[in-house]
Structures are given as C-alpha cells and as structure tokens.
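These notes are about the structure you will find just below.
The values are calculated or read from the model by the stated rules, or taken from the named source; none is laboratory data. Not measured: the values here are computed from a predicted model. Cβ coordinates were reconstructed from backbone atoms using ideal geometry, including for glycine residues, and neighbour counts include every protein chain displayed.
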Amino acid sequence: MNIGIVCYASVGGSGIIATELAKCLAIRGHEVHLISSETPFRFGSYQEGLSFHRVEQPSYPLFRESQYLLPLTNRIVQLSRDVGLDLIHAHYAIPHATAAYLAREIILATGSVKAPKVITTLHGTDITLLGSDPSYSEAVAFSIDESNGVTAVSESLKASTKRALPVTSDIHVIPNFVNCQTTRRCASEKLRNVFCPQPFEHLVIHVSNFRPVKRVEDVIKIFRMIRDRVNARLLLVGEGTDLNKVRHLVRELRLVDCVEILGEQDQVVPLLSVADLFLLPSEEESFGLAALEAAACEVPVVASKVGGLTEIFEHGRTAFLHTPRELEKMADSAIKLLNNRRLRAEMTRAARRVVEARYCLETVVPQYEQFYTETLAGTTLPPARLNRMANKSKSPAY
C-alpha cells in the first residue's frame, strides 16, 4: 500500500504513535509518507520505504493568525498526484482529518488521479478539548463522519466521542503500542548513579508534555509527601506550557536539590530503566502511552483512574490507580511500592505480561493493516455520507 500519514511533530502520544506506525509499516513493505509541519519527534535516521514531507506555512500580512489547514490540504493533494496515495491516515481530527477530507474532495472534483481513502484516528484531546468546544464541535464531528474509516485508541475514547459529538460513524478501537523488543528494562548502574548518587535513594519519574491535563504540579505535591517519608529523588522528562509553574512549585516546596528537570528526551527507555516508580496523576488520559512504556520497562505505575489507563491496568495487580486529585492516596501507594521490593517485582512482572500479550507492535500493527485493507475495499464515499443520503431519500417530499 501507498500510505500518507498526517501527524503533529511535537512530543505527545499521537505524534509518537503515528511515527512509530509509519516506521513499522515501512518495514513491512509499504510505501509510507509522513506529512507534518516539521520532522516528527522520534523520526530517527533514514529508513527504506519511509519519507518525510514538510508542510510549508506561508506568511501573509492579511492573515494575522498562522495558517496550517490550507497548506496541509495542498500538500496532501500534491503528494497524492505525485505518488498515487491509496489512503491518508490522519492522526487527530482537527485539523488533520479536515485537511484530508478537503484534499480528497479536491482530487475527486478534478479527477486528475484516483482519490485516496481517508482514515482518522482519534487520540483524545481532539475530542476531550476541541470536540467539546462549541467553536470546533461541528467541524470535528463533520470531519470524523467524512472519513472512510475511523479508529480510536481506547474504548473509553470511543465512548467519549459518541457522548460529546453527533458522530454516526462506526469507530474501531485499535490501541497504542510499543516495540517490546526495544522498550524493555536495560538498567545502567552508571546512569542510575547520575540521578541517585547517594546509596539507598529511590528514583521517581514522570514523563509527559507538561500540559494542564497532565497535572504536573500534582506530581510535585505528591513527591513532596513521598519525600517526607522516603529518601527519594524525582526525574521530570518533557516540556510544555506548565513547566514554569512546575519550576516555581519545586522552589516553593524546597525540592530544588532533589528534583531533576531534563526537558524533552528522544530516548526515554534508559531513563525509565533506572527508575523505581512512574507517577501520572492526569485529569484525563485517553490511552496513557507514557504509562504503557513505563510498564514495558518494568517500572511500577501509580496513576489516575481515568480513561484508557483503566483498560491497560488493573488496580492492585498491575498498577495502583486512584481518582484524580486523591494525592494522599497516590502518595501512600507510591510509598508502599518504594518500601516493598517484592511488591514492586510482582506488580512489574504482571504489567509486563499484559504489555506482551496485548500491546506489542506485532499484535497491533497488523490490526491497522487489516483496517486499511477493509477500508480500501469499501465504498468511495464515506459510510456516514451514504447513510445521510439514504435517509434524505426516504424523507417525505412536501
């Protein structure tokens, strides 16, 4: 297949999964074209069958706001004509599915080449934030329904989409995944000593894009409670809008000497592999890729009991999950794990078994391939549009 994958280049689950999926599909013999405003995070070095196409955003005095939708649409049209895309896989409804829809309609109208099918994968924020905003909701719902196929990364997100938007499309759940061969614990005593130079110290880690929904300030508050009872240090990996707030709180709670902020890191496996606990007190998680990576690296997880996290983990067996903002309970669970090596080992082994059974790329990527094949075999027009046309024809004429 000749596949165009549209994604955000910045750090975040949607961009990481889109990029990793592109790499896997190229290895499996497909021609894959990644389309974004800049080289995606974790794109890596040259790989046969995989290419990157930059979307240029021209600046005009008439436009006071940045323009991305139309240049992206134009880039997809050009690429379709140049290489003959079979399908466009848009990760995120807004603006990627909208741009894919526009590109397909332009190609259908001009008849220059065969129009590619459009598949949209919903990752979360496009529904939980944009989808629920009246300024975007109609466009989000329309873009989803105009796709030839729709997937979501969790049952929770599928249900949220149906509740939040007047979407009639069938939504197929395909979870996020990891490379289980490379995303595994590879402990390094040298690296561990960099972060924990004193003996008998524990290392707590948090990885995210530091957006408000991740509640990274709660990470600091929970760590303060942990630090009061256990000799521990905290490693923060990532950047985002809340980073300055986090820095301020670290100083306010007098934790400067035991909190390390590393910023964005392309390789998180070595960092996870030297950690004793992964902390994720998010307000919402449509899937929770960072927590899945932690579990794959045999790091025990303490997280919020929300969204896709409840589908990956079982409370008390493979992780400790608590209602968001139950900071004391999260701290208690963290301390329980840090003080009990046997419990940590049992929990991490159980979590790793779940990852291997359900979330390795060898299990998930073929699900995407099968969905691609089924979508390409379907009708040219989106199923939701055909349903609207059929219902309209049944309506009485006056």
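If you check Ile16, Ile94, Ile76, Ile107 for being in contact with a strand residue (DSSP E or B) (Cβ under 9 Å, 6 or more places away or on another chain) and on the phi < 0 side of the Ramachandran plot, only one passes: Ile76.
For region 357-383, a residue qualifies if it is without any contact (Cβ under 8 Å) to a residue 60 or more places away in the chain, hydrophobic (A, V, I, L, M, F, W, C) and part of a helix (DSSP H, G or I), and exactly one does: Ala357. For the criterion of being surrounded by fewer than 22 Cβ atoms within 10 Å (Cβ to Cβ), out of contact with any strand residue (DSSP E or B) (no Cβ under 6 Å at 6 or more places or on another chain) and within 26 Å of Arg352 (Cα to Cα), Glu298 passes. Among the listed residues Leu249, Leu236, Leu321, identify the single one that is assigned to a strand (DSSP E or B), more than 30 Å from Lys158 (Cβ to Cβ) and in contact with a Leu (Cβ under 9 Å, 6 or more places away or on another chain). Answer to the selection: Leu236. Restricting attention to region 201-252, and to residues there that are over 24 Å from the mean Cα position of the chain (by Cα), closer than 22 Å to Cys297 by Cα and not hydrophobic (A, V, I, L, M, F, W, C), which single residue is surrounded by the fewest Cβ atoms within 10 Å (Cβ to Cβ)? Per the criteria, the residue is Glu201.
When residues in region 72-85 are screened for being surrounded by fewer than 24 Cβ atoms within 10 Å (Cβ to Cβ) and over 24 Å from the mean Cα position of the chain (by Cα), 8 of them pass. Within region 345-387, the residues that satisfy the criterion of being at pLDDT 95 or above, surrounded by fewer than 15 Cβ atoms within 10 Å (Cβ to Cβ) and within 15 Å of Pro116 (Cα to Cα) are Thr373, Glu374.
The set of residues in region 330-342 that are touching a residue at least 40 places away in the same chain (Cβ under 8 Å) and in a helix (DSSP H, G or I) comprises Met330, Ala331, Ala334, Ile335, Leu337, Leu338. Screening Lys305 on (1) basic (Lys, Arg); (2) over 30 Å from Glu105 (Cβ atoms); (3) modelled with pLDDT under 95 shows it passes everything except condition (3). Within region 110-125, which residues are free of Cβ contacts under 8 Å to residues at least 60 places away in the same chain and within 14 Å of Ser80 (Cα to Cα)? Residues satisfying the conditions are Thr110, Gly111, Ser112, Val113, Lys114. For region 253-295, a tally of residues being buried (at least 20 other Cβ atoms within 10 Å of the Cβ) and among the β-branched types (Val, Ile, Thr) returns 3.
This table checks each residue for (1) farther than 18 Å from Pro270 by Cα; (2) in a helix (DSSP H, G or I).
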| site | (1), (2) |
| --- | --- |
| Asp170 | yes, no |
| Asn176 | yes, no |
| Val204 | no, no |
| Asn209 | yes, no |
| Asp218 | yes, yes |
| Lys245 | yes, yes |
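For the residues Arg185, Arg163, the requirement of being surrounded by 14 or more Cβ atoms within 10 Å (Cβ to Cβ) and among the basic types (Lys, Arg) singles out Arg185. Residues that are in a strand (DSSP E or B), touching a residue at least 24 places away in the same chain (Cβ under 8 Å), closer than 22 Å to Ser154 by Cβ and not hydroxyl-bearing (Ser, Thr, Tyr) are absent from region 253-269 altogether.
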